[in-house]
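Scroll down for the structure; my scribbles are underneath it.
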């Protein structure tokens, strides 16, 4: 089956620094990837939709200057949390849509736990 | 516009008992419906999905769900719970039209399985 990887799985950083999270589709091409944020015991909240070769589309209330998204290839999207603060601590999950599959299947990565101290 | 309601944030069943997790949706166009499972500190795994055709869909690990348009429901069931089924379950809806359509998730139901 299709696999989506995320790196790193866990990261701890100091307040004010930036952190980059990578999302890769390992065996399929994904023109569209999604970034979600999940707080403890809550559902996934879509942050932005990342399209290969173009600017990401951010959901209402998500700061595009704080959460930089780059989708430079059909298999890689990155999320950079700039000037991180403790309130940015969360579980970030990416998802990739198989652009060649019949049902536009969407596959999820294992998530990245970000802790800002 | 679309939304998902999962009744019961926490469900507890005994091992071997029937599992029933409820999901109701609203969608302005015919929906695609999904159930995902999430184990602690992990991403989401697709259990099953409804797109078109047969309204009773079977998924992995013995789970199944039935799409009932008249009730706008897509409840998840499993005849006999196993300890390994303990996890968080999310119902999701996506419009069936438009390649840019996005998944909308319910708030999740935590399933506890007891001996």
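Things to note:
- Residue within the range B:22-44 that is out of contact with any strand residue (DSSP E or B) (no Cβ under 7 Å at 6 or more places or on another chain) and surrounded by 13 or more Cβ atoms within 10 Å (Cβ to Cβ) present: yes
- Scanning the range A:20-30 for residues that are surrounded by fewer than 19 Cβ atoms within 10 Å (Cβ to Cβ) and more than 15 Å from residue A:110 (Cα to Cα) turns up A:20, A:27, A:29.
- The residues of the range A:93-117 that are in contact with a strand residue (DSSP E or B) (Cβ under 9 Å, 6 or more places away or on another chain) and more than 10 Å from every other protein chain (Cβ to nearest Cβ), listed by number, are A:96, A:98, A:114, A:115, A:116, A:117.
- Considering each residue of the range B:13-35 in turn, at least one proves to be part of a loop (DSSP other than H, G, I, E, B), within 13 Å of chain A (Cβ to nearest Cβ) and either out of contact with any helix residue (DSSP H, G or I) (no Cβ under 7 Å at 6 or more places or on another chain) or under 25 Å from residue A:113 (Cβ atoms) (or both).
- Each residue in the range B:38-54 was checked for being in a strand (DSSP E or B), closer than 16 Å to residue A:44 by Cβ and within 11 Å of chain A (Cβ to nearest Cβ), and 4 pass.
- Residues in the range B:82-96 that are over 22 Å from residue B:43 (Cα atoms) and outside any strand (DSSP E or B): B:96 only.
- Within the range A:63-100, the set of residues being surrounded by 14 or more Cβ atoms within 10 Å (Cβ to Cβ), in contact (Cβ under 8 Å) with a residue 24 or more places away in the chain and outside any strand (DSSP E or B) comprises A:74, A:75, A:82, A:84, A:88, A:89, A:98, A:99.
Read-outs throughout are calculated quantities, based only on the coordinates presented, and are distinct from any laboratory measurement. What you are looking at is a predicted structure, and each value in this text was computed from that prediction instead of being measured. Neighbour counts are summed over all protein chains in view; Cβ atoms, including those assigned to glycine, are modelled from backbone coordinates with ideal geometry.
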